[in-house]
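What follows is a single structure, written as C-alpha cells, with notes after it.
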Amino acid sequence: WTFLFIIPGLIKAYSYSQMFYLVDEFQGMKIRKAMKISMKITKGHKMDLFILDLSFLGWALLSMCTFGLASLYVTPYIEMTKVNAFHALLKEAVENGTVTLEELHEGEPAKVETVNVSESQVIEEKPQDKTEENSSEEKDE
C-alpha cells in the first residue's frame, strides 16, 4: 500500500522540481505562481528529469567510496546540469507558448542600474582620454 503513495509523490516532486530555479531566476515571482509554471514546463518531461537523476547514481557511489571527497567535484557538476536542464525546459516552454514571457516577468520590479561616480573621477578621466587621442593622432602623422 505504501507504493501507492510513493510513486504519485515522486511524480509531484518532479512536477514542482523547477520551482526553486524559477523563484531564483525571477525575483518577484510568488511561490504559488512558480509551482504552477513548474508544472507547465515539466509536463511531458518528468521521466527525462528522473533519468537525469538516475544518471548521477554512479557519481553518488563514487562520493560515498571517497568518504565525500569526490562530492567537491560532483555536487557543482550535478547542480549545473540541473540548471542547464531548467533553462532548456524553460526555453522549450516559451517557444511552444506553454509559458509567456509576460507570465514569467509578472510582478517583477523594474531593474534600474545606478552608477556611483564621484566628480573627481570624471574630471580625472577626461584629460586622460584626450591625451590618448592626441598621442594616437600624432602616431598616424
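Would you mention how many residues in region 53-101 are hydroxyl-bearing (Ser, Thr, Tyr), part of a helix (DSSP H, G or I) and closer than 23 Å to Met19 by Cβ?
Qualifying residue count, region 53-101: 3.
Within region 28-55, work out how many residues are among the basic types (Lys, Arg) and in contact (Cβ under 8 Å) with a residue 60 or more places away in the chain.
Residues in region 28-55 being among the basic types (Lys, Arg) and in contact (Cβ under 8 Å) with a residue 60 or more places away in the chain: 2 in total.
Take the conditions more than 18 Å from Ala13 (Cβ to Cβ), in contact with a Lys or Arg (Cβ under 8 Å, 6 or more places away or on another chain) and at pLDDT 90 or above and apply them to Ala88. Does it pass?
no
Which one is most open to solvent (accessible area, probe 1.4 Å) among residues in region 1-54 that are under 20 Å from Tyr77 (Cα atoms), out of contact with any helix residue (DSSP H, G or I) (no Cβ under 7 Å at 6 or more places or on another chain) and of a type in the set (A, V, I, L, M, F, W, C)?
Phe20
Name the single residue that is nearest to Asp24 (Cα to Cα) among those in region 73-83 being in contact with a helix residue (DSSP H, G or I) (Cβ under 9 Å, 6 or more places away or on another chain) and not charged (D, E, K, R).
Val83
Only residues in region 1-27 that are part of a helix (DSSP H, G or I) count as the first member; pair them with residues that are at pLDDT 90 or above and among the basic types (Lys, Arg), Cβ under 7 angstrom, at least 6 apart or cross-chain, and list the lot.
Ile11/Lys46; Tyr14/Lys46; Ser15/Lys46
The values are calculated or read from the model by the stated rules, or taken from the named source; none is laboratory data. Computed from a prediction, not measured in an experiment: that's the story for all the values here. Glycine also receives a Cβ, built like all others from the backbone with ideal geometry; neighbour counts cover every protein chain displayed. Keep in mind that these areas ignore ligands, DNA and RNA; they rest on the heavy atoms of the full protein, side chains included. Shrake-Rupley method; radii C 1.70, N 1.55, O 1.52, S 1.80 Å.
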